[in-house]
1. Could you identify the single residue in B:PHE123, B:PHE114 that is modelled with pLDDT of 95 or more, surrounded by 17 or more Cβ atoms within 10 Å (Cβ to Cβ) and touching a Cys at 6+ places or on another chain (Cβ under 9 Å)?
2. Working only within segment B:156-176, note down all residues that are surrounded by fewer than 20 Cβ atoms within 10 Å (Cβ to Cβ), at pLDDT 95 or above, out of contact with any Pro (no Cβ under 9 Å at 6 or more places or on another chain) and not charged (D, E, K, R).
3. For residues in segment B:26-72 being among the hydrophobic types (A, V, I, L, M, F, W, C) and within 8 Å of chain A (Cβ to nearest Cβ), which is farthest from the chain's Cα centre (by Cα)?
4. Keeping to segment A:143-192, report how many residues are assigned to a helix (DSSP H, G or I) and either at positive phi or β-branched (Val, Ile, Thr) (or both).
5. Taking segment A:262-300 as the region of interest, how many residues are under 21 Å from A:LEU200 (Cβ atoms), within 12 Å of chain B (Cβ to nearest Cβ), of a type outside the set (D, E, K, R) and in contact (Cβ under 8 Å) with a residue 60 or more places away in the chain?
6. What number of residues within segment A:295-308 satisfy the criterion of being more than 22 Å from A:GLY185 (Cα to Cα) and outside any loop (DSSP other than H, G, I, E, B)?
7. Among the residues of segment A:226-246, are any within 12 Å of chain B (Cβ to nearest Cβ) and within 24 Å of B:ASP85 (Cβ to Cβ)?
Amino acid sequence: MRPRRRDRRFDDARDAAGNGVLDRRAFLRGGAGAVATGAFMAYAPSDASAASPPETPSGMTTPGAPLSPYGSPATFEREVTRTLIRSQPGTTGAGASRTPLEALEGMITPSGLHFERHHNGVPTIDPAQHQLLIHGMVARPLIFTVASLQRYPMESRIHFLECSGNSALMYGATPPTLTCGQTHGLVSCSEWTGVPLRLLLEEAGVDPRADWVLAEGADAAAMSRSVPMAKAMDDAMLALYQNGERLRPENGYPVRLFLPGYEGNMSVKWLRRIKVTDTPTMTKDETSKYTDLRADGTSLMFTYPMEVKSVITRPAPGLKMTGPGLYELSGIAWSGRGKIRKVEVSADGGQTWAEAVLAAPVLAYALTRFRIAWKWNGAPTVLKSRATDDAGRVQPTRDELIAQQGANVVYHYHAIQAWRVESTGEVKNVYA
Amino acid sequence: MSTREALAVATCVIVFGGCAGTAPRETPNLGRAATQAEIAGWDISIAPDGRGLPRGAGTPADGALVYAQKCQVCHGDKGVGGPNDRLVGGQGTLASKTPVRTIGSYWPYATTVFDYVRRSMPFFQPHSLTDSEVYAVTAYLLSLNGIIGEQDVMNAETLPKVKMPNRDNFILVQPWKPRVQ
């Protein structure tokens, strides 16, 4: 690290918005790598000002650990786990675990940290025994083995999956005092590979009067959701692989439905049955749950796409700022209606905004990483990010969202997040 | 057909959302025909108009016995008091600051109660009740909520005719049609 050079460069950098948000190209000028590393360090949860290591560390004087069949994260990262694991009273598998967003970078979520939302545990399914039935309003009801699905042409896509109930605590009267991941970590992003559902539906021969399909899982909740035929025939996928390897059990092994952009609950895991129907089936999870109760007592049903959203993940609750100076603000943005067009960041509570750099690739229905340089003067302030998607939809404020639908909705919370940075370096969730 | 040709066909499907007007594309065709008996064994879903409901019947009184043995420990005496989801009451609360969503106050279709209890409950032994037990416990929950009478029999004919009080308060959002990428 070369702190002196770094300082000079940033003294030159033009302010892009109030309170120290720097021109979005600040980090991109010469020698960016070294600078970025220096800024990242500032977010290390512990103070790194320890004594210098020995010139020849022990790892250089003895052979290292042996080769291994399947790698796992560094032992020093053992605290980076799924978080806020909660199940219904008296149960262990009816609830959720969340992605620790503030500990991660980039756009891909490691498979082992992908959030979970199950309704009665994770079934153990032998792929040699598992079968998928496609029936209902079709000319030829068909049964597929998992091995046969692997012979179909596949496609790979990078997509986020977000639980419809992500960030639900933000509808509450007081902001949750939780980490970023505990509040917003029911969203993850993976590369999914599998067979377009459309290919199999066409083999079965769909009756033109059919408008829906019912998807059903082979878990102890027999989770089931109705999906519009238009989506089933468009970009719905029977996913077999996640981030290059076969699906993790928690993500639907051996085969799950994947519906890009739609609320996570509809991407039914452990898929065993597709029934082609003329009406929605009106299952429990599309009537009692996953419907949006508004202030006037009416409810919206079938609100499928997850709306445009962003959150700053560094700094964020769970991380501590380590004194004034140069930082990189980093976060994720996504939209269930397309691509992210821009993310604006404010370091003065929303009075002034500057456009962050979007990290390539920027893909439809995928997490997009945004970053911008910020010179913190050490005074308390409020950080915000505001995403706009390519359909022109802008993330609303919390007040706007609640004025529109009320605070009883539970689902589809996507308002601008405000993080208050205290002079101590602590970062808190605030309604501001 | 070469792999390249096959992939070109697949790309046609994926990228262009089907190449309208072209000959039917070639796909692997590896599904085997499902027999009616196989389908009958797998198909447990019930449509809101009652299609799919099995034979069998039950009354609220029969259901009270099932409920006491198989449900009450988690859903409370008469469907209230938990520890798990409340199943009874809450009518008139939906527009308040503390809405109580239950079968009685919120659910739009009675058929969903049968479908859900049969596929998912009791929580630790799903698929363990007979169809008549499911009709009975459904009848009991509907009667506790004041939606059917204490003597009413629930079966494949009567259950779909039950009009749930909150049915008309759901606004169906037209399913969004994604752009072809």
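The values are calculated or read from the model by the stated rules, or taken from the named source; none is laboratory data. Worth saying up front: this structure is predicted, and the values here are computed from it rather than measured. With ideal geometry, Cβ positions are generated from the backbone for all residues, glycine too; neighbour counts draw on all protein chains shown.
1. On the way: B:PHE114 fails: touching a Cys at 6+ places or on another chain (Cβ under 9 Å).
B:PHE123 is the lone residue from the list that is modelled with pLDDT of 95 or more, surrounded by 17 or more Cβ atoms within 10 Å (Cβ to Cβ) and touching a Cys at 6+ places or on another chain (Cβ under 9 Å).
2. Correct list: B:THR158, B:VAL162, B:PRO165.
3. Of all residues in segment B:26-72, those among the hydrophobic types (A, V, I, L, M, F, W, C) come to B:30, B:33-34, B:37, B:39-40, B:42, B:44, B:46-47, B:53, B:57, B:61, B:64-66, B:68, B:71.
Cutting the leftovers down to within 8 Å of chain A (Cβ to nearest Cβ) gives us B:30, B:33-34, B:39, B:42, B:44, B:46-47.
Details: B:LEU30: 30, B:ALA33: 26, B:ALA34: 23, B:ILE39: 18, B:TRP42: 15, B:ILE44: 9, B:ILE46: 6, B:ALA47: 7 Å.
Ranking the candidates gives B:LEU30 first.
4. Final tally of qualifying residues: 2.
5. Going through segment A:262-300 one residue at a time, the tally reaches 6.
6. Adding up the residues that qualify gives 3.
7. Scanning segment A:226-246 turns up at least one residue that is within 12 Å of chain B (Cβ to nearest Cβ) and within 24 Å of B:ASP85 (Cβ to Cβ).
Matching residues to (1) part of a loop (DSSP other than H, G, I, E, B); (2) facing chain A (nearest Cβ under 8 Å); (3) out of contact with any strand residue (DSSP E or B) (no Cβ under 8 Å at 6 or more places or on another chain):
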residue	(1), (2), (3)
B:VAL88	yes, no, yes
B:GLN91	yes, no, yes
B:PRO99	yes, yes, no
B:ILE103	yes, yes, yes
B:VAL117	no, no, yes
B:PHE124	yes, no, yes
B:TYR135	no, no, no
B:THR138	no, no, no
